[in-house]
Amino acid sequence: MSKNVSDHTKLAHLSRDEEVLQGAVNPPVHRASTILFERAEDLYSSKPKRSYGIVGMSVHDSLREAFCTLEQAYSVVLAPSGLAACTMPLLAICSAGDHVLLSNNIYGPTRRFCENHLPRLNIEFDFFDPENSNNILEHIKSNTKAIFMESPGSLTMELTDIPAIVAVAKGRNIWTLVDNTWGAGWFLKPITMGVDFSIQAASKYPCGHSDVLMGTIATGSKKADKVLQRFDTDSGNFVSPDDAWLVLRGLRTMSARLERQQTSALKVASWLSQHPKVAQVLHPALACHPDHQLWKRDFTGSSGLFSFLLHPTSEAQVFKILNSLKYFGLGFSWGGYESLAIHCDPQLIRTNPKWPDQGNIIRLSIGLEEPHDLIADLSQALNI
């Protein structure tokens with residue numbers, strides 16, 4: 001496919017091998033563990049592409065190729081969840097005695113994994129302020145092996161100066177990782193910025209229907225691919241062909257969904273920014289956001305996820321607001337066609353620096369509903 005073709009067209013047409021499709025528009029689903037060989041001599045040969053079902057079938061190939069094109073990556077590994085996609089590269093590249101730097105706003109379960117399991121593997125870790133990337137050198141040690149970022153953070157929406165950190169890391173042979181779930185490989189392409197591993201929870205926007213768990217890890221080089229593929233093979237990592245097929249189908253419509261969710265989220269966020277009970281809206285695409293200029297530089301758009309800060313109130317009042325919502329489901333995850341809301345404070349953990357206690361945070365994931373209906377829903381809930 002021509003490099004000049006837009007990403008919209010690519011998503012509709014990429015990874016469609018006519019020899020595999022045989023006239024269909026989607027690849028077949030092969031549920032396989034055993035792969036049969038015609039000759040005994042081939043059982044241990046390095047030539048066959050597949051020796052066992054765990055390496056994946058044609059539907060896995062199609063999905064990996066699709067994400068590879070989307071992220072402009074060297075290769076892509078599929079993982080059974082977004083969290084697995086975050087932890088696998090760390091386990092693949094770090095050894096006892098290494099040190100990892102973690103952005104202070106990373107996904108809570110990734111943070112929990114690092115706090116609970118890296119120490120027992122004798123791997124050190126520290127947190128850095130994502131909005132002060134100029135100070136990253138102060139945190140780097142002689143044994144620093146990796147820098148893990150999430151931009152923006154999926155609760156408090158801080159952005160990180162990814163190119164600045166990559167520039168520092170490259171000169172010191174430090175791996176760089178970015179949780180790119182908010183940008184979805186659509187609005188942000190970390191690999192083009194020199195990042196080694198661009199990670200997504202494909203459960204979110206690529207799937208789009210809140211019915212599949214999957215993660216993706218895009219590599220930026222042959223070197224990164226080699227270290228990740230070795231761990232992928234040895235760990236027994238695998239995603240089911242049915243899940244791969246569902247995510248590939250969802251990926252075909254992701255651009256249309258994202259464009260609508262972007263527009264709707266901005267309408268809702270702008271309305272919230274004028275509401276008297278809202279102290280601050282945390283959305284990078286709004287001019288009032290402290291990292292807005294960084295967003296304009298690095299991103300081509302914004303997804304449907306953002307947060308807002310209420311003026312100080314009781315937890316009971318926050319519950320009352322959330323329980324009054326009619327069109328927002330109360331649940332974790334995001335990126336599906338339905339709108340969701342959660343209160344963030346119980347999971348808001350920050351160490352360097354600590355999050356200032358300025359009021360309660362509610363996070364919204366805007367789906368495909370009419371934004372005027374969502375605004376009306378929020379209005380009645382906030383005004384109870």
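For this structure, a couple of remarks:
- Taking 0.36 nm per residue of separation and subtracting the Cα-Cα distance, full extension of the segment from Ser221 to Ala376 would add 51.0 nm.
- Eigenvalues of the alpha-carbon gyration tensor of the range 90-182, scaled by 5 and square-rooted, set the equivalent ellipsoid semi-axes at 19, 17, 10 angstrom, largest first.
- 26 Å Cα-Cα threshold exceeded, pairs from Lys10/Lys204; Lys10/Lys47; Lys10/Lys326; Lys145/Lys226; Lys145/Lys223; Lys277/Lys326: Lys10/Lys47; Lys10/Lys326
- Full-stretch length increase - Asn135, Arg230 - with 0.36 nm per residue and alpha-carbon distance subtracted: 30.8 nm
- Taking the range 7-252 and dividing mean pair separation by its residue count, relative contact order in percent (alpha carbons under 8 Å, at least six apart): 25
- Shape call, the range 222-309: gyration tensor on alpha carbons, a/c limit 1.5: prolate
- Cα-based helix-to-principal-axis angle, 82-93 vs the chain, degrees rounded to 10: 60
- The range 143-198 versus the range 284-301: alpha-carbon centroid distance in Å: 16
- For the range 254-382: rounded, prolate or oblate by the Cα gyration tensor [a/c cutoff 1.5]: oblate
- Ordering 228-237, 176-185 by mean Cβ neighbour count within 10 Å, with the highest value first, yields 176-185, 228-237.
- Put simply, when 152-159, 112-119, 127-134, 52-59 are sorted by average Cβ atoms within 10 angstrom per residue, most first, you get 152-159, 127-134, 52-59, 112-119.
- Helical mean residue ellipticity (222 nm; -39500 (n - 2.57) per DSSP H run of 4+; nearest 500) of the chain: -10000 deg cm²/dmol
- Ranked by the mean number of other Cβ atoms within 10 Å of their residues, highest first, the peptides 104-111, 260-267, 82-89 fall in the order 82-89, 104-111, 260-267.
- Percent of beta bridges antiparallel (DSSP, the chain, rounded to nearest 5): 55
- Computed from point charges on the beta carbon alone (+1 for Lys and Arg, -1 for Asp and Glu), the dipole magnitude for the chain about its Cα centre is near 320 Debye.
- Relative contact order (%) - the range 273-314, alpha-carbon pairs under 8 angstrom, separation at least six: 49
- In plain terms, the chain from Ala256 to Asn26 could stretch by 80.9 nm, reckoned as 0.36 nm per residue minus the Cα-Cα distance.
- Taking Leu91, Leu101, Leu310 in turn, the Gaussian network model of the chain (Cα-Cα springs below 10 Å) assigns the largest fluctuation to Leu91.
- Of the residues Gly250, Gln317, Ser333, the one whose Cα sits farthest towards the positive end of the charge dipole of the chain is Gly250 (charges of +1 on Lys and Arg Cβ, -1 on Asp and Glu Cβ, taken about the Cα centre).
- Descending semi-axes in Å of the range 8-137, equivalent ellipsoid built from Cα gyration tensor: 38, 22, 12
- Spin-label pair Thr313/Ala287, simplified geometry with 7 Å Cα→Cβ offset, distance in nm: 2.8
- In plain terms, the C-alpha convex hull of the chain casts an average shadow of 20.4 nm² when viewed from every direction.
- Rounded to the nearest 10 degrees, the inclination of helix 371-382 to the longest alpha-carbon principal axis of the chain is 50 degrees.
We did not get these values from a lab; they are worked out from the coordinates using the rules stated. If you're wondering where the values come from, they're calculated on a predicted model, not measured in any experiment. All Cβ positions, even for glycine, are placed from backbone atoms using ideal geometry, and neighbour counts span all protein chains on display.
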